[in-house]
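J.: First, the structure itself, so that you have it in front of you.
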2 protein chains.
Amino acid sequence: MTRITVDISMSLDGFVAGPDPSLDDPLGKRGMELHEWAFRLAAWRSAHGMDGGETGPDSDLVAEHVASYGAVVMGRRMYSGGEGGWDADPNARGWWGDDPPFHVPVFVLTSHPRERLDMDGGTTFHFVTDGIDTALDRAVEAAGGRDVHVAGGAGAVQQVLNAGRLDELTVHVAPVLLGSGTRLFDGIDGDRVKLEPVPMPASPVVTHLRYRAIR
Amino acid sequence: MTRITVDISMSLDGFVAGPDPSLDDPLGKRGMELHEWAFRLAAWRSAHGMDGGETGPDSDLVAEHVASYGAVVMGRRMYSGGEGGWDADPNARGWWGDDPPFHVPVFVLTSHPRERLDMDGGTTFHFVTDGIDTALDRAVEAAGGRDVHVAGGAGAVQQVLNAGRLDELTVHVAPVLLGSGTRLFDGIDGDRVKLEPVPMPASPVVTHLRYRAIR
């Protein structure tokens, strides 16, 4: 049965990106530090076409996540960093080059209609202009029984939470204080979302939090 | 050697109190949910003069914390919920009645001078009008080699972090989304504070995060 999941790295002070994100620095000032725990892992490197890296519980967690989903939902800014019409977006084919690391259908939330975009390696980008519920419905249909992963950014995660459609939330808390940036949890409808903690393996470099939504 | 520590409960979305705190509801809407993990524990009950409760790793953690400090620092709002001059504060003797659960000197940050207040059970309240560094210095001196615990609220914790004086930070993340309220981490100077995670026991009802500050 398809679940709708989020798996995201956050600073201890609640940010998923640092201040002043740009095309040259998409995660904002010090935002890369949120992901350092993952970059060195065998499973992360493998998912991004690289050899080597550390094995162990953290890598197993990443491998399990990568294997879990059959479709992805993401916001426009996570896709390209842009806004407005696609003709004026210098990054209109996304951040990841010709062979993005998803290898499944990806549904991009946008106000600007666009034809689907087929990339190498099985990634197809679909541009959804009628809101989070439609994006989730299409992704569930495309996922072939595997999970739908809501990749980010913060706005997309907030929409899924507030729509009451999240099944599982994983937050990797990096031991970093950014001070400002993009908050993951902002304007959550707390009465809408009830969470139950799921036990997670300990790590010396990051804290994995996982919750199941209770309906 | 005296360390300066913080040990505080926070919602997953980063709040240490819910919206609309008042004298009748000091933790704000749903704020009590942040502390439910602790209320049922033997060590918490014992520290508040009650029998019974659950034993186990969570209770051991609370017991260890209660035994660790020889002085406390807190903000004015945590002390009484009030502001302005003391004559107009209906809660000027604090929230805790005649025998507060601290049993050590407590240094209250305030702009309004006042004589020390001796309570039953060894708690003495000292009112510090010249800022966080003075409050910490006086608390370190009073702690007799034990730790200084910065109890809250969020503003006091932020001041200690930004003063670069925190030694250990423990955050108990409750599986709760409040949506709004008082954020623990707001305006932290991230370049000032470097953290190293400390392994913590797992719990089915709360996630314990602990960090040592690196200087």
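The values are calculated or read from the model by the stated rules, or taken from the named source; none is laboratory data. Since we're looking at a predicted model, the values are computed, not measured. Cβ sites come from the backbone with ideal geometry, for glycine too, and all protein chains shown count toward neighbours. Ligands, DNA and RNA are excluded from the accessible area calculation, which covers all protein heavy atoms including side chains. Shrake-Rupley method; radii C 1.70, N 1.55, O 1.52, S 1.80 Å.
J.: For the list (1) in contact (Cβ under 8 Å) with a residue 60 or more places away in the chain; (2) open to solvent by 10 Å² or more (accessible area, probe 1.4 Å); (3) more than 14 Å from chain B (Cβ to nearest Cβ), I need the number of the one condition that A:Pro57 fails.
T.: Just one mismatch for A:Pro57, condition (3).
J.: Same structure again: In this structure, does B:Arg146 turn out to be basic (Lys, Arg), closer than 29 Å to B:Ser11 by Cα and at pLDDT 95 or above? Steps first, please.
T.: Working: basic (Lys, Arg): yes; closer than 29 Å to B:Ser11 by Cα: yes; at pLDDT 95 or above: yes.
Yes; evaluated as a whole, the condition is true for this residue.
J.: Next question. Which pairs do you get when a residue that is at the interface with chain B (Cβ under 7 Å from one of its Cβ atoms) and on the phi < 0 side of the Ramachandran plot, found in the stretch A:199-215, comes within reach of a residue that is open to solvent by 50 Å² or more (accessible area, probe 1.4 Å) and among the hydrophobic types (A, V, I, L, M, F, W, C), reach meaning Cβ atoms under 6 angstrom, with the pair 6+ apart or on two chains?
T.: Pairs that qualify, where the first residue is at the interface with chain B (Cβ under 7 Å from one of its Cβ atoms) and on the phi < 0 side of the Ramachandran plot and the partner is open to solvent by 50 Å² or more (accessible area, probe 1.4 Å) and among the hydrophobic types (A, V, I, L, M, F, W, C), are A:Pro199/B:Ala202.
J.: If you don't mind, there's one more thing I want to ask. Can you work out which of the residues in the stretch A:200-215 that are β-branched (Val, Ile, Thr) and outside any strand (DSSP E or B) is most open to solvent (accessible area, probe 1.4 Å)?
T.: Among residues in the stretch A:200-215 that are β-branched (Val, Ile, Thr) and outside any strand (DSSP E or B), the one most open to solvent (accessible area, probe 1.4 Å) is A:Val205.
J.: Hey, another quick one. Can A:Leu177 be described as surrounded by 18 or more Cβ atoms within 10 Å (Cβ to Cβ), in contact with a helix residue (DSSP H, G or I) (Cβ under 9 Å, 6 or more places away or on another chain), assigned to a loop (DSSP other than H, G, I, E, B) and within 9 Å of chain B (Cβ to nearest Cβ)?
T.: For A:Leu177, the condition - surrounded by 18 or more Cβ atoms within 10 Å (Cβ to Cβ), in contact with a helix residue (DSSP H, G or I) (Cβ under 9 Å, 6 or more places away or on another chain), assigned to a loop (DSSP other than H, G, I, E, B) and within 9 Å of chain B (Cβ to nearest Cβ) - is met.
J.: Could you please give the count of residues in the stretch B:14-34 that are hydrophobic (A, V, I, L, M, F, W, C), farther than 9 Å from B:Thr182 by Cβ and open to solvent by less than 20 Å² (accessible area, probe 1.4 Å)?
T.: Matching residues across the stretch B:14-34 total 1.
J.: Does any residue of the stretch A:62-81 turn out to be assigned to a loop (DSSP other than H, G, I, E, B), open to solvent by 20 Å² or more (accessible area, probe 1.4 Å), within 30 Å of B:Val193 (Cα to Cα) and not aliphatic (A, V, I, L, M)?
T.: yes
Results for (1) under 17 Å from B:Arg77 (Cβ atoms); (2) without any contact (Cβ under 8 Å) to a residue 40 or more places away in the chain; (3) not β-branched (Val, Ile, Thr), shown as yes or no for each residue.
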{"residue": "B:Gly121", "(1), (2), (3)": "no, yes, yes"}
{"residue": "B:Thr124", "(1), (2), (3)": "no, yes, no"}
{"residue": "B:Thr129", "(1), (2), (3)": "yes, yes, no"}
{"residue": "B:Ala135", "(1), (2), (3)": "yes, no, yes"}
{"residue": "B:Val140", "(1), (2), (3)": "no, no, no"}
{"residue": "B:Gly144", "(1), (2), (3)": "no, no, yes"}
{"residue": "B:Val148", "(1), (2), (3)": "no, no, no"}
{"residue": "B:Ala151", "(1), (2), (3)": "yes, no, yes"}
{"residue": "B:Ala156", "(1), (2), (3)": "yes, no, yes"}
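J.: Does the stretch A:188-198 hold any residues that are open to solvent by 50 Å² or more (accessible area, probe 1.4 Å) and more than 7 Å from chain B (Cβ to nearest Cβ), and which are they?
T.: A:Asp191, A:Arg192, A:Lys194
J.: Before we move on, is A:Met1 outside any helix (DSSP H, G or I), under 26 Å from A:Ala163 (Cα atoms), at pLDDT 95 or above and more than 14 Å from chain B (Cβ to nearest Cβ)?
T.: Judged against the criteria, A:Met1 is not a match.
J.: Report yes if B:Val148 is in a strand (DSSP E or B), touching a Leu at 6+ places or on another chain (Cβ under 7 Å), surrounded by 20 or more Cβ atoms within 10 Å (Cβ to Cβ) and not hydroxyl-bearing (Ser, Thr, Tyr), otherwise no.
T.: yes
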